[in-house]
1. Inspect region 513-528 for any residue being in the same structural domain as Arg593 (by TED's automatic domain parsing), assigned to a strand (DSSP E or B) and either under 24 Å from Arg262 (Cβ atoms) or among the acidic types (Asp, Glu) (or both) and give the result as yes or no.
2. What pairs can you find where one residue is in region 388-406 and in the same structural domain as Ser35 (by TED's automatic domain parsing) and of a type in the set (Ser, Thr, Tyr), the other is part of a loop (DSSP other than H, G, I, E, B) and modelled with pLDDT of 90 or more, and their Cβ atoms are less than 7 Å apart, with a gap of 6+ or different chains?
3. Give the residues of region 481-504 that are surrounded by 24 or more Cβ atoms within 10 Å (Cβ to Cβ), not in a strand (DSSP E or B) and not small (Gly, Ala, Ser), sorted by residue number.
4. With respect to Glu102, is the statement that it is in contact (Cβ under 8 Å) with a residue 24 or more places away in the chain, acidic (Asp, Glu), in contact with a helix residue (DSSP H, G or I) (Cβ under 8 Å, 6 or more places away or on another chain) and within 27 Å of Arg262 (Cα to Cα) true?
5. Restricting region 61-77 to residues that are under 19 Å from the mean Cα position of the chain (by Cα), assigned to a helix (DSSP H, G or I) and not polar (S, T, N, Q), which is nearest to Thr247 (Cα to Cα)?
6. May I ask you to list the residues in region 138-180 that are among the small types (Gly, Ala, Ser), surrounded by 22 or more Cβ atoms within 10 Å (Cβ to Cβ) and within 18 Å of Leu202 (Cβ to Cβ)?
7. Scan region 660-689 residue by residue and report those that are part of a loop (DSSP other than H, G, I, E, B) and aromatic (Phe, Trp, Tyr).
8. Please specify each residue of region 519-531 satisfying the condition of being surrounded by fewer than 17 Cβ atoms within 10 Å (Cβ to Cβ) and in contact with a helix residue (DSSP H, G or I) (Cβ under 9 Å, 6 or more places away or on another chain).
Amino acid sequence: MSIDKSGIKLGVDVGGTFTDFLMVSSDGQVHIGKSLTTGEDPSQGVLAGTEDILKNNGHSAQDLQAFVHGTTVATNIILTRRGAKVGMLTTRGFRDTLDIQEKVKYDIYDLGIDYPEPLIPPHMRVEIDERVTKDGKVLAPLDEDQVIAAGNHLVEKGARALLVCFLHSYSQPGHEQQAVAVLKKAFPNLVVSCSSDISPDLGEFTRFATSSINMYIRPRVENYLREMEAELKRQGLKPACDMMLSTGATADFKKAGELPIRLIESGPAAGAIAAAYYGTLCGIDNLIAFDMGGTTAKACVIDHGKPAINYDHFEVARVHRFKKGSGIPLKAPSIDMIEIGAGGGSIARIDQIGLLKVGPDSAESNPGPACYGLGGTEPTVTDANLALGYLDGGFFLGGKMQLGTELAQGAISRLAGSLSVDTIRAAWGIHEVVSESMAAAARTHLLEKGRDARKYAMFAFGGSGPVHACRVARNLGIKTVICALGAGTLSALGLLLAPTAFDFVHTDVAHLSDCNLDEVQKFFHDSEVRGRQLLSAAQVAPDAVHVTRFVELRYAGQGYEVGVMLPAGINDDALRTAIVDLFEAEYERLYGRVEKSKIIETVKWRVVVSGPAGNIRISHSMLEGDAKPALKGSRPAYFPEIGGFIDTKVYDRYSMAPGFTLEGPAVVEEKESTAVVPPGWSGQVDDYSNLVLKYQGLSST
């Protein structure tokens, strides 16, 4: 696999368990690395791994022409509640908005229902005299003396960041901006921001919650990125460092640090971008990207070669991991994906009613699964896969890390005793529970989108993805699974494929027939000019800039919007007509009907200004087809549909040249991942070094 030789590029993706490195050298070769994530300070692992992959291939940081990073740092700060102490200034009467929430019960039968605690506690919120209507009219002016007094009060209580959240600031941000200016002058050493700069959206609870998350994680994320970039610069790095955003685009470290809420789905977004790229390469427009790593598994639907962008809110810090509504809402654009299950490090246990459950808690990288030999004692998915013969304990990470089969079996045996089954039956139960739960979650996600899983191929990646992909696919009725070469580090490749992009938002709730299109066109124009300026500063050529416009609409009285992309070059009444047609078509696709008699409202206008995607071409230079045979040997692996443990052929992924074929059961190994091919499946390596697996059905004999 090789890429254009315009310069050395490095993608680094930090996951909950592993950190992945993918470097494209100046001679066009792709070099891959993988190491355990350094949990307390992930930057240590990033810097050490960067130095190693460069040094091992005869390079230094001075040779890098691009450094792109994806990380779970923002998410981990929220989950561990280790963010900054934030003080909030809000409109009088709205101090308790974060506590009142929307009061929607996510489980109507739970009498003791729990919600996540707000990141800014009540004693760190102060009310200010000011008021603006939803139409932007000032009812009560801002009292600047109160703003300074509130700031002093919050700083005395330990605030290290100040957030201004006023009512209806999406319509008229003047008071918020005025308060921010006052606070920055009075407290120049504090981080200060406002909700209209972070999330200028309708709905005060979601806007306040999103803004509080941003300010809670911002100081630590900014410090993390600032120190990492400074160290890389000390090592000789010349270009700016870029971060992968949740939308699948990139931004420099400074801009990413100011809005860290846009980094929450950083790593998974990179994987979806890589999957879409491979789908286009192979001529498959409709894919389900299945990413299973060490901590979680996620799925993304790719239609017509592009992952959808979700502009509605999603949730973080859920009280119950898979219960929608049990987390803190975060409204920031992201690639539309769903967490569908556990990862390799997820822990198996017996629940309160005696059923086998896997996850959501994970052993992560420290102590890790029992088989790592680092102190973990609880059985995990990786332990089960090792006990079933799917993994080679001597070839994990290409032999860099040894796995202990006896340690895995010992951990599982304790669980097996509680289930009154033998160790192998318990291990198979863990494997099956994970595969079926992921299929069930993905099936629900697809049905909610009006999609039929049987019409899709599955693209599997991540360290654990190819191990479970065929089982998950069959449970969904999918008959084609694609595993790319280097599947275990594919998200790091996605980092190098992403374009630099900026998006701009204008909230304006109005009847479509009455909305001021002159004002909208001015917003479109000003946003495009600003976006082009930012891209020019990022060295993007003017003729490579792409501008896309969107509008979010609803029927009057509804609480949720439907987004549509606007055609270029249409203005005024023709634009209104086009919007009606697009909205009704999308509404009917989603809900099966339209309401011709209802009034259509605009809620939000959006402009996305982006540069070109990474220029990557695939060859086969990583393959060793002429050097050694593809068949490495065989070992017992567990396939209950044909009798249990079967002597199973094991193949070397790097020796499987295009055109190579195999029949299941089989195991295909590469350094960072393993593909398990169950009975009834066959495989062939295509022209792009992908292993394409097809379900043929079990032989009647």
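1. The first filter runs over region 513-528 and keeps only residues in the same structural domain as Arg593 (by TED's automatic domain parsing), leaving 513-528.
Applying the additional criterion that residues be assigned to a strand (DSSP E or B) yields none.
The answer is no, given that none of the residues of region 513-528 is in the same structural domain as Arg593 (by TED's automatic domain parsing), assigned to a strand (DSSP E or B) and either under 24 Å from Arg262 (Cβ atoms) or among the acidic types (Asp, Glu) (or both).
2. none
3. Listed by number, the residues that qualify are Thr489, Leu490, Leu493, Leu495, Leu496.
4. Details: in contact (Cβ under 8 Å) with a residue 24 or more places away in the chain: yes; acidic (Asp, Glu): yes; in contact with a helix residue (DSSP H, G or I) (Cβ under 8 Å, 6 or more places away or on another chain): yes; within 27 Å of Arg262 (Cα to Cα): yes.
Criteria met by Glu102.
5. Ala74
6. Ser169
7. So the first thing to find is which residues in region 660-689 are part of a loop (DSSP other than H, G, I, E, B), and the list is 660, 664-665, 670-673, 678-680, 686-689.
Passing the criteria: Phe660, Tyr688.
8. Gln521
The values are calculated or read from the model by the stated rules, or taken from the named source; none is laboratory data. Bear in mind that the values here come from a model prediction, so they are computed numbers and not experimental data. We place every Cβ from the backbone using ideal geometry, glycine too, and count neighbours over all the protein chains shown.
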